[in-house]
Amino acid sequence: MEPVSDLDKLRFYRDEVKHEFNLLAMRSNILVTCQSFLIVPYAIFNTVGNFRSVLVPVYLLTALGIFVVFILREPINAAHRTISKWLLKHRSLLKTSDELRDLTIDRDMIPDVEVDSSKDRDHMKSLAFTRYGPWAFSLFWYASFIWSTLRALMGF
């Protein structure tokens, strides 16, 4: 069996990165879809005249929203870690292989990017929603819990 060429390794790394990005997109899509199906009933419950009568379902929705974020946060973070690992291998290969020099782009040549992918600002910006989206939804549900409690206590 002949050894694997650098070009074959590069193709493999790029395929793995693409696969992980697809998984990340699917997981983010699941998060947004689940949250939208929870936010709509929460908004409808907030239009009820006697808010105290729907307080238990509102709290259950809030708890479910936080639970969904908690459950989906780890698979999203796992995809981030895996993408970083494959990108590090990809960039390290590009820097060490003379055969692949023509296939590099400026982002692959950032100093120390083959050691730490967070130095690639464009890459970090592209992951911003998937990195901070779960926190934004968590913040929304914590704020909705406080709002619902205040509304029930104050009677408005």
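The values are calculated or read from the model by the stated rules, or taken from the named source; none is laboratory data. These figures come from a predicted structure and were not determined experimentally. Quick reminder, even Gly has a Cβ in these numbers, built from the backbone with ideal geometry, and neighbours come from all protein chains shown.
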Of all residues in region 96-148 being among the hydrophobic types (A, V, I, L, M, F, W, C) and part of a loop (DSSP other than H, G, I, E, B), the one that is modelled with the lowest pLDDT: I110
Conditions (1) in contact with a helix residue (DSSP H, G or I) (Cβ under 8 Å, 6 or more places away or on another chain); (2) among the β-branched types (V, I, T); (3) in a helix (DSSP H, G or I); (4) closer than 30 Å to R151 by Cα: number failed by I76: (4)
Residue pairs meeting the criteria (Cβ under 8 Å; at least 6 apart or on separate chains; first surrounded by 13 or more Cβ atoms within 10 Å (Cβ to Cβ), in region 130-149; second small (G, A, S)): T130/S28; T130/A79; G133/S28; F137/G65; F140/G65; W141/G65; S144/G65
Test: residue in region 76-85 that is under 30 Å from L153 (Cα atoms), surrounded by fewer than 16 Cβ atoms within 10 Å (Cβ to Cβ) and at pLDDT 95 or above: no
Whichever residue in region 1-21 is among the aliphatic types (A, V, I, L, M) and surrounded by 12 or more Cβ atoms within 10 Å (Cβ to Cβ) and, among such residues, is nearest to I83 (Cα to Cα): V17
Residue in region 1-32 that is farthest from Y132 (Cα to Cα), counting only those that are of a type in the set (G, A, S) and part of a helix (DSSP H, G or I): A25
